[in-house]
1. With each label point set 7 Å from Cα along the Cα-Cβ vector, what nm distance links Ile319 and Arg201?
2. Give me the one-decimal nm value for the distance between modelled label points at Val43 and Leu165, 7 Å along each residue's Cα-to-Cβ direction.
3. Hand me the GluC sites (Glu not before Pro) from segment 215-252 located in a DSSP loop with no more than 10 other Cβ atoms within 10 Å, in residue order please.
4. Sticking with the crude label model, points 7 Å out along Cα→Cβ, report the distance from Arg147 to Ile65 in nm, one decimal please.
5. Using the membrane-span-like helix rule (whole DSSP H runs, Cα extent along the own axis of at least 27 Å, mean Kyte-Doolittle hydropathy at least -0.5), which helices of the chain qualify?
6. Can you give the helix-only mean residue ellipticity at 222 nm for the chain, where every DSSP H stretch with n ≥ 4 adds -39500 (n - 2.57) and the sum goes over all residues, rounded to the nearest 500 deg cm²/dmol?
7. With every protein chain kept in the model, how would you rank Phe23, Phe44 by accessible area, 1.4 Å probe, largest at the top?
8. List the trypsin sites (Lys or Arg not before Pro) within segment 29-77 that fall in a DSSP loop (any state other than H, G, I, E or B) and whose Cβ has at most 15 other Cβ atoms within 10 Å.
Amino acid sequence: MPGKNSAPFPAFLTALSIVVAIFLIAFAVGKYPVSPADLLRSVFARLTGRDAGLPEAVEIVIWNIRLPRVTAGILVGAALAAAGAAYQNMFRNPLVSPDILGVSAGAGFGATLGIFFGFSLTAIQVIAFVCGLLAVGVVYAISGLVRRHDPVLVLVLAGIAVGTLLNAGVSLFKILSDPHSQQLSNIVFWLLGSLNGIDTRDLASAAPLVLIGLAPMILLRWRVNLLSLPDEEAAALGVEVARLRLVLIVAATLITAAVVSIAGIVGWVGLVVPHAARFLVGPNFSRLLPASLLLGAGFVVATDTLARTLVVIELPLGIVTAMIGAPFFLYLLARTGKTE
């Protein structure tokens, strides 16, 4: 695989350059374009306390509209990609994504519940976050009761079952919703994901949780590599497999639930981006994690930019990530000949 033999620094530099270019493009396109020169002038003025000499409308677009949205894209993409990389390594399965244990289904059920009963946006986000965590907690509890089978297999199967049950609950509330009000359309739009409307308060609530979840992944990055081995071999090398897997599940679930609660369900990021990162820097988790963070951030910002500029109305983010992610995943399969 090309990524195994490539030098990590040029690969990281390439990924960083792509993310910076996407960041500038995200500001430059849209109904109110902002040139890179105007963006740099405004940022420099904020840092130095000077007057940028820009129209007030440009300053509003930069600081009140584009910056929160682009920052949200970076946060959501990085979190989902990191969770996907951790899950794929932990379960030794390249087809695993962050929602395999039901966190997205739980968050979707919680948000649907909140929208159905007319709760405020903040309450909906809190319910979505809590339900996402509870869903994974139920899955892990079920796996703890079944001890006669492989624990990884039981976790995945329990996650599928609980996720299916929660998705059935979402469908039930969609049927019960009033089709003549905004209730049903709000549920559908949330389930398809969007960065529209995310503000600094949302970022302030989600970012600390993402950082808390990323901390154990970064600190334990060398040990995470050993989870790709059979449990007996990893244990023989001094790894407490069950405890390490639990820590990673909690960390990945926390960051996934945090970003899903503010952005809705954004699919394919946690599945596709770790494969692209693996192609660039190889399977070593100490390199794979930062590469996934960078590429995930760039991927979501790019797809969100397309979602708001492709057509007159804004497309749900989940539709665009699927339209780009699925063909790109097939391309990676064809290019590498296999996934790891």
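The values are calculated or read from the model by the stated rules, or taken from the named source; none is laboratory data. Values in this document were obtained by computation on a predicted structure and should not be read as measured data. Please note: Cβ atoms are built from the backbone with ideal geometry, for glycine as well, and neighbour counts cover all protein chains shown. For the accessible areas, the whole protein counts, side chains as well, though only heavy atoms, and no ligand, DNA or RNA atoms are used. Shrake-Rupley method; radii C 1.70, N 1.55, O 1.52, S 1.80 Å.
1. A separation of 2.9 nm, rounded to one decimal place.
2. The modelled label-to-label distance comes out at 4.8 nm.
3. Numbers: sites: Glu232, Glu233, Glu240; in loops: Glu240.
Within segment 215-252, no GluC sites (Glu not before Pro) qualify (loop, at most 10 other Cβ atoms within 10 Å).
4. 6.0
5. On the way: long enough: 8-28 (30 Å, 2.32); 67-90 (34 Å, 1.01); 121-145 (36 Å, 2.19); 151-176 (37 Å, 2.04); 200-219 (28 Å, 1.41); 241-263 (33 Å, 2.14); 285-309 (36 Å, 1.02); 317-336 (28 Å, 1.58).
Those that clear 27 Å and a mean of -0.5 are 8-28, 67-90, 121-145, 151-176, 200-219, 241-263, 285-309, 317-336.
6. On the way: 16 runs with 256 residues, N = 340.
Mean residue ellipticity, 222 nm, calculated: -25000 deg cm²/dmol.
7. Numbers: Phe23 60, Phe44 115 Å².
Reading off the accessible areas and sorting them downward yields Phe44, Phe23.
8. Here the sparse-neighbourhood loop sites are Lys31, Arg50.
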